[in-house]
Amino acid sequence: MREQQTLGCRIQEGRRAAGLSQESLGERLGVSRQAVSKWESDASVPDLENLIAMSRIFGVTIGALLGVEPAAEEPSAEEAPEASGGESGDAAPDKGLTDRELAAVEAIVQKYLEAAQSAQKPRWSRRKKRALVAVACAAVLLIVLVLDGIFSSLGRRLDQVQDQVNYVQSSVSSQIGSLTGQISGLLAEQNSLISGYDIRVADYDLEQQMWYLAATVTPKEYTADTVVTFTARTDTGATASAQARNEGGVFTAENWAVPMASTPAWTDEGVPLDGGAVQISAAFEDSGTIRTQTLEEHLYLDLKDYRLEVDGRWETEWASGRLTLGNLDLQIENNTELPVELADAELSLFRHGEEEPLWSAPLEDAVALWRRQGYVQMYIPVETDVSPVRMSTGDALLAAVHVTDDHGQDFWSFVGCWRSWNGALHQDSLYDLNDQYPNWQPGDLLPIWN
């Protein structure tokens, strides 16, 4: 029994069957290797044009690539229009009684009245009485059905009117909010001392607990004697300043050392973060007058944003309650624009909740690739002395790569998360798990599995 395939798995299998690397496929489609990697890891979905192109490259139908039809079957010419066609549309709303329906109701009521008048005459037969009752019942039933249809139609129309009113109210509120924001922005821009600025992280030092920032600001007015000083205030109260140099009206400060925050920051959902908020301001001194403007109220600096990017998957086979570990598909690259290098990498397999690995081994090939080309892209078989692993219902296994960089950051990235339940193998999204638990350490329990 194989684990259920996703679109990313089918793209990955098609690429390998076509003998293409991610870079080669990206070149043929006119996209980056990172885009292909994100498709295969189900982090994003290709557009229709790229899906069509890949189906032609892989020699399969769009339906087979999307997993909605068997790979070996193609829809026939007679079936294609029927599959893509079909009549559809919203049912017309119920209306009031038509002339024909009114005539039918009037006729039934008239028969009922005639029968009622005849009932006053003596010596009615049982057959006539039964006919009168039947006619009366039919009339009442028809009237009830017609009235029910009318009231239902009115109710639906009332709901539609209410929806339209709500939509108008929401649209008006949105427009008012947008207009208010535009007015506030115009006023802020009018009162601003500057025409633009830029602040970015140039590097960091974990040992010294320092960020190194590069900052530029362009004042609307300045003289040859204008002095600009940048100041950073962390959420712990620590401050650091740097005097900028004037480069034709653009004031710049480089390698500006700002201490890392020591108090934790929190997201809106109450999740603790590694970094901290920093307030950045610029003071403009000219002829003894100092004017200060805040550039960033809460510049958030988080070490997780400057890690190497890891994307990987350890392929497996599942049969008779046993998990056989196969090839490791691994990519590591630096997308931070900082001078961060891979120092070490290790692959480990854990039973859920256990701190000591079931198996581990250094990824020497990955480190060698990085030193040779500055990134890692590898697809290799991994031999272990524990595969295949027997898993009973409720058992869970985690596979993760431990990455260490030359700046002292080390973290784990999941490349496999499997659970056994009633003889079937279930795998959670690696993209979601790595996003939700970026600071996972061996021994930590995954709350979603409890």
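The values are calculated or read from the model by the stated rules, or taken from the named source; none is laboratory data. On a predicted model such as this, the values are computed, not experimentally measured, just so you know. In this analysis, Cβ positions are derived from the backbone assuming ideal geometry, glycine residues included, and neighbour counts consider all displayed protein chains. Keep in mind that these areas ignore ligands, DNA and RNA; they rest on the heavy atoms of the full protein, side chains included. Shrake-Rupley method; radii C 1.70, N 1.55, O 1.52, S 1.80 Å.
Figures for the structure shown
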quantity	calculated
Pair list, Cβ < 6 Å and 6+ apart or interchain, from region 56-79 residues that are modelled with pLDDT of 60 or more to residues that are open to solvent by 80 Å² or more (accessible area, probe 1.4 Å)	61/74
Filter pass, residue 346 being modelled with pLDDT of 95 or more, surrounded by fewer than 20 Cβ atoms within 10 Å (Cβ to Cβ) and assigned to a loop (DSSP other than H, G, I, E, B)	no
Whichever residue in region 271-283 is of a type outside the set (Gly, Ala, Ser) and open to solvent by less than 70 Å² (accessible area, probe 1.4 Å) and, among such residues, is modelled with the lowest pLDDT	273
Residues (buried (at least 18 other Cβ atoms within 10 Å of the Cβ) and hydroxyl-bearing (Ser, Thr, Tyr)) located in region 20-58	37, 41
Matching residues, region 362-393, being of a type in the set (D, E, K, R) and under 24 Å from residue 24 (Cβ atoms)	365, 371, 372
Selection count where residues are part of a loop (DSSP other than H, G, I, E, B) and free of Cβ contacts under 8 Å to residues at least 60 places away in the same chain, scope region 207-228	5
Single match in 389, 376 (criterion: over 25 Å from residue 206 (Cα atoms) and open to solvent by less than 20 Å² (accessible area, probe 1.4 Å))	389
Of the criteria (1) closer than 23 Å to residue 331 by Cβ; (2) open to solvent by 40 Å² or more (accessible area, probe 1.4 Å); (3) within 24 Å of the chain's Cα centre (by Cα), which one residue 415 fails	(2)
Those residues of region 310-333 which are open to solvent by less than 50 Å² (accessible area, probe 1.4 Å) and of a type in the set (S, T, N, Q), in sequence order	316, 327, 331
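This table checks each residue for (1) surrounded by fewer than 18 Cβ atoms within 10 Å (Cβ to Cβ); (2) of a type outside the set (D, E, K, R); (3) within 26 Å of residue 196 (Cα to Cα); (4) modelled with pLDDT of 85 or more.
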position: 241; (1), (2), (3), (4): yes, yes, yes, yes
position: 244; (1), (2), (3), (4): no, yes, yes, yes
position: 254; (1), (2), (3), (4): yes, no, yes, yes
position: 263; (1), (2), (3), (4): yes, yes, no, no
position: 269; (1), (2), (3), (4): yes, no, no, no
position: 285; (1), (2), (3), (4): yes, no, yes, yes
position: 289; (1), (2), (3), (4): yes, yes, yes, yes
